[in-house]
Structures are given as C-alpha cells and as structure tokens.
Amino acid sequence: MPCLRARPGVLLCVAERGAGLGLLLDRVVPAARGFALPPGWRRWHAWMLGFDTAQAGLTDVLLEPDDRLCERFGMVQTWNGIDVPLPAADVPLPAADVPQPFRAIGRLTAGRLAAVRAVAREWQISKGLETRIDPEIRSCPGRVGLRDALPGMSVLTGTPVASDILGRDARIAYRQVFRGAALAMRERLREACRVQA
C-alpha cells in the first residue's frame with residue numbers, strides 16, 4: 001500500500017475539486033486548539049505552489065530544474081502559508097485504484113528549503129509590504145531576477161507587488177485568487193481529517 005512520506009521540503013499535489021493544487025511542506029506545528037487530529041495525522045505548515053511565474057512577486061521563489069519537480073508548478077508562494085492536517089509519514093494511503101488525495105511530486109534540498117524559509121521570514125518582517133524588503137528593487141510585473149535570500153545563496157524571484165498602486169498591479173488579483181484557494185483547501189482538508197477521526 002502506498003504511503004505519504006511527509007517530510008520538510010516535500011512538494012505535494014493535493015487533489016482539489018478535479019484540479020491539483022500544490023504545497024511545499026515546511027514543518028510540523030502544534031495542533032490547533034479545539035481541533036482533534038485522528039491518530040497518525042499531523043498539522044503541517046506549508047506554502048502554496050503557484051503556476052504562472054509571470055505573476056511572481058518578490059516573495060515568490062521560482063522553482064528551478066534542480067528542484068526535481070515533476071509537475072507544472074512554477075513557484076513557491078511564501079506569502080501564502082497555511083497550516084493543514086496531513087497523514088504523518090508512513091501512514092498508508094488508500095489503495096491505488098482509489099483517487100489519491102495527496103501525491104508527492106518532488107523534494108527541495110535542505111539548502112533550497114532554507115532559502116525559501118529566509119524569503120518567508122522577509123515576508124513576515126515586512127508585514128506584507130514587499131516594497132519594504134528591498135527598496136532598490138522596483139515593481140515591474142512579469143520580470144524575474146536573482147537576489148540574495150541568505151549570505152551566499154541566491155533565489156530567483158519576481159519584483160515587489162506594489163500594493164500602494166492598487167488596481168495597477170494585476171498580481172494583486174492573482175494573489176487574491178490563490179489565497180482563496182489556499183483557505184478553501186485548508187477547510188476541505190480539515191473536513192477530511194474530521195471524517196478520519
């Protein structure tokens with residue numbers, strides 16, 4: 001029987017209403033108050049994966065060929081973190097002829113995961129305003145470039161999403177769609193977890 005091997009850095013495809021949404025697993029976090037997890041399940045902090053790299057902002061880390069990703073996802077949305085319940089490592093999944101709710105599609109190296117975490121910290125410190133992270137980088141939708149995330153480690157990202165020019169940066173609407181998808185997926189995974197309990 002196949003098992004989900006949930007580990008930090010694993011990239012997952014989550015079956016979601018006929019489509020696949022992606023997650024990058026970060027770490028196990030304490031269970032939420034008032035929400036009991038079934039045996040063998042853990043609460044994970046994860047980031048959503050996005051498709052269209054032309055929509056990348058300064059806190060979207062583009063996936064690279066060395067990331068060994070076997071799907072169509074193009075970036076990690078460090079601004080779009082969610083906590084989701086998932087089966088713990090080595091918990092059997094349904095038989096192969098049953099639709100799989102989770103499928104591992106790749107894994108980042110420890111170094112790449114550290115760089116993604118560094119960019120996520122930038123997002124938290126900036127309080128959601130990418131223009132505060134590096135004022136020297138100008139907003140230019142559709143453009144990507146290398147920048148330092150950690151000393152000696154560069155990441156490929158977009159340019160700051162200019163929230164101060166609401167209505168002129170189309171990436172704001174793109175982010176709203178993905179944030180809604182993340183919250184909806186979290187609720188459906190929580191419901192699936194309740195059914196398992």
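Please treat every number below as a calculation from the coordinates, not as lab data. Just so we're clear, the structure is a prediction, and the values are computed from it rather than from any experiment. Every residue, glycine as well, gets a Cβ built from its backbone with ideal geometry; the counts of neighbours run over all protein chains shown.
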Cβ-based charge dipole, region 105-197, positive-most Cα from THR131, LEU146, ILE105 | ILE105
Sorted peptide list for 54-64, 117-127, criterion being average Cβ within 10 angstrom, highest first | 54-64, 117-127
Roughly how many debye, to the nearest 20, is the charge dipole of region 3-196 about its Cα centre, given +1 on each Lys and Arg Cβ, -1 on each Asp and Glu Cβ, and no other charges?
-> 460 debye
What residues of region 18-62 lie in the reach of a label at ALA170, counting those whose backbone N is under 11 Å from a point 7 Å from the Cα along Cα→Cβ?
-> 54-55
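Output the relative contact order of region 3-196, whole-number percent, from Cα pairs under 8 angstrom with separation of 6+ residues.
On the way: 385 pairs, mean separation 49.2, N = 194.
So the answer I get is 25 percent.
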For ALA115, the net charge from surrounding residues (Cβ-Cβ under 14 Å; K, R +1; D, E -1) works out to -3
